[in-house]
Amino acid sequence: MAFVSDDLYNEICMANDIVDYASSFLSLKKSGRSYMACCPFHNEKTPSFHIDRDKQLFHCFGCGASGNFVQFVMRMEGLDYRDAIKLLAERAGINIPENGIRQSTEMTKKKDAIIEMNRAAARYFYDMLMDPVKGREARAYFASRKLSRKTIIKFGLGYAPDSQDGLLQLLRGKGYNDKQAVDAGLAVIRRDKAVDKFRGRVMFPIINVRGKVIGFGGRVLGSEVLEGGFKLAKYLNTPETPVFDKGSNLFALNLAKNSNETDMILCEGYMDVITLHQAGITNAVATLGTAITPQQAKLLLRYGREILICYDMDEAGTKAALRAIDVIAEAGGRSRVIRITGAKDPDEYITKYGVSGFRKAVEKAAPSTEFRISIIKRKYDLTDTEGKIRFVDETAQILAGLSDPVEVEAYIKKTSADTGISEQSIFGKYTECRGKAKKSAPARTKEEYKRREVNRINSGKPPQERVTNVVLEAEKRLLSLIAQSRHLSLEAAAIMPAEEFSNDVYRRLAEKMYACAAAAEPVEASVILDSFSGDPAAENMAAAVFFNNEVYSDNDKTLFDLIYTIKKNKLEARINNAVDPQEIGELIKLESELDKERTEWGKHGGKTTEGPNI
């Protein structure tokens, strides 16, 4: 079924938004972390159709229709797999080569190598930080910033010692050459010799939403000025590489996307984000040393209803906030600005006023229009006639760019109250500016999507359901658990091989999940589901696994209980169907052995080696 490479498939899906697509023809309502609507695939009055924006999946709890983004497009548009991919690529402005593979095999290998080198580098930096001697200064720095050991591990923080080739020697030992290290941004050429790029710096791994270490940020320790007047950059980031694009990724989004908050907080610095997370404010991210880009804004809006801009409130920070407001608006999102007063940045604000103080600042965050008008207000003396006129002129230009008439009316009233100029006069200036304003391009260029009444599932239950419902349900819950945790997947693989699952769909899912766990790679639900395209029954059954939202008090115990339930029920079914006394005796013996084995499972489960969260 593969038409494009996994890399290109992910790029196409990440460049689109399943909620944005679905909202063109469904009336979606936010419900927790998902969106709900009446199912387009069967008649219903009570919404049971769910869309998970994070995983880019859909599932109907009424008729069982499930799948990933591409499969949703196929069903709604009546398209085959290739045409659905092409449609999404066109929406995102991505060109698909004739062979459907953007990168050559060599480029794919190069990307994989860089990811592996980054992972090794992250572990090396962490080990250097924890080295009793080499990491002393770096640990003292993090201690001065009041970071706990738990936070250091959570973010995978580290230290690059002031060594010419410490990391290079490690990479060489793993079979990588100096050119590969330079291509990965981990080394540079100095006087015709490769040396470590990061030296004498505390290190911040940059991890994408798929859990891959794609780059690093490093902050210099000690003085930035060396002997001879040579000045080091305070912060140094990985350069652009085949896996790292600083304009398309965000620091800590891999963690913030799992927050229960409905909004996302955008900061300027890594330490701001880390301090907020340590304080329990887990929806914070940062750009990677640059102003926010349209790609970053779109990425953030997948996970947050609004973006709360939390920049320094000096002149540079204010300008950056104004720019961010425009970029977010152009991406179709809403924003507010958290005013940090009495401190130079969120890190210092938390230290001075505590978590409760910061949360109050979040609650008082100014809507973007109010913030922009307040900046204009600072420029003019509103007791002066000329000042009032200029203030109204500039405010009217801002209001001309708004689409919500209620918002426009509210700010016209407020501007009138601030200046004493009549609402009618301000409205006249607003309409004048609006007439001159260039009309914005439509949000969507595709024609209105036509609803298709499809009933591919209700015609009959798939053969797999003939399996005992107790076993099927336990297997589904088991797969849902191991999809979320590598260590649970490894535990399951040791006592319940993939071939023991009762149907082909679950066997294939288990094989893929076990393979991901063995390779220390995240389970990509959308990519896995793509392998089931073309078989609606299999698509639904597989997707339902990823839509199981049950929460357990003890995941390890639940895992072993589920495996026991599956094995026990299968043995009892065999015993009930057996007629040969000898066979029955052997099965009963196996059942007794299973009960004994159950007490041994999990005695050493759930224990992992301490290390960075990478």
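FYI, it's all coordinate maths here, none of it is from the lab. Since the model is a prediction, treat every value here as computed from it, not as a measurement. Here the Cβ is made from the backbone with ideal geometry for all residues, glycine too, and neighbour counts use every protein chain on show.
Summary value for the chain: 14 percent relative contact order, contacts being C-alpha pairs under 8 angstrom separated by 6+ residues. Panel note: the C-alpha atoms of segment 192-305, placed on their principal axes, show extents of 51, 32, 22 Å (largest first).
Evaluating 6.51 cos²θ - 1.76 cosθ + 1.60 at θ = phi - 60° for every residue in segment 337-344, the Karplus couplings come out as 10, 7, 8, 9, 10, x, 7, 7 Hz, glycine and proline recorded as x. A quarter of the convex hull surface defined by the alpha-carbon atoms of segment 111-256 gives 9.3 nm² as the mean projection. Evaluating 6.51 cos²θ - 1.76 cosθ + 1.60 at θ = phi - 60° for every residue in segment 139-147, the Karplus couplings come out as 5, 5, 5, 5, 5, 5, 8, 6, 8 Hz, glycine and proline recorded as x. As a rough guide to protection, the peptides 594-601, 14-21, 87-94 ranked by mean Cβ packing within 10 Å, highest first, stand as 14-21, 87-94, 594-601. Applying a DSSP loop filter and a limit of 15 other Cβ atoms within 10 Å to the trypsin sites (Lys or Arg not before Pro) in segment 343-404 leaves K344, K364. Pairs over the 32 Å Cα-Cα cut-off, from the set K234/K257; K86/K154; K110/K298; K193/K344; K319/K414: K86/K154; K193/K344. With the convex hull constructed from alpha-carbon coordinates only, segment 376-436 shows a mean projected area of 3.8 nm² over all directions. If R0 is 56 Å, the Cβ-Cβ spacing of S425 and D127 corresponds to a FRET efficiency of close to 0.25. Here segment 559-601 is treated as a Stokes sphere of Kirkwood radius computed over C-alpha pairs; at 4 °C and 1.567 mPa s its diffusion coefficient rounds to 121 µm²/s. In order along segment 286-300, phi translates into HN-Hα couplings of 9, 6, 9, x, 9, 5, 4, 9, x, 5, 5, 4, 5, 5, 5 Hz, rounded to whole numbers, per the Karplus curve 6.51 cos²θ - 1.76 cosθ + 1.60 with θ = phi - 60° and x for Gly and Pro. Could you work out how far helix 469-484 tilts from the main Cα principal axis of the chain, as a 0 to 90 degree angle to the nearest 10? It works out to around 40 degrees. Can you tell me the orientation of helix 315-330 relative to the chain, as the angle in degrees between its alpha-carbon axis and the longest Cα principal axis, to the nearest 10? On a 0 to 90 degree scale, this one is about 60.
Across segment 468-600 the C-alpha pair distances fall into 5 Å bins from zero in the proportions 2, 10, 20, 21, 20, 12, 8, 5, 2, 0 percent. If you bin all the Cα-Cα distances of the chain at 10 Å, starting from zero, the percentages per bin are 3, 13, 21, 23, 20, 12, 5, 2, 1, 0, 0. In the frame of its principal axes, segment 253-364 has Cα extents of 35, 33, 25 Å, reported largest first. When all alpha-carbon pairs of segment 308-409 are counted, what percent fall beyond 21 Å? Pairs farther apart than 21 Å: 42 percent. The ellipsoid that matches the Cα gyration tensor of segment 6-92 has semi-axes, each √(5λ) in whole angstrom, of 22, 14, 11, with the longest given first. For segment 28-142, the Cα-based Rg and Dmax, in that order, read 22.9, 68 Å. Taking every alpha-carbon pair in segment 486-564 and binning the separations at 5 Å intervals from zero gives 3, 14, 23, 26, 23, 9, 2, 0 percent. A simple packing score, the average count of other Cβ atoms within 10 Å per residue, orders the peptides 275-287, 43-55, 398-410 as 275-287, 43-55, 398-410, with the highest score first. For segment 468-509, the Cα-based Rg and Dmax, in that order, read 9.8, 28 Å.
Within the chain, C13, C38, C63, C267, C310, C433, C516 have no other Cys Cβ under 4.7 Å of their Cβ and so lack a disulfide-compatible partner by this rule.
Contact order, relative form, for segment 105-237: 23 percent (alpha carbon pairs under 8 Å, 6 or more residues apart, mean separation divided by residue count).
Per-residue Cβ neighbour counts within 10 Å put H59, H42 in the sequence H42, H59, beginning with the fewest. Note on R190 and R434: the model spin-label points, each 7 Å out from Cα along the C-beta direction, lie 6.1 nm apart.
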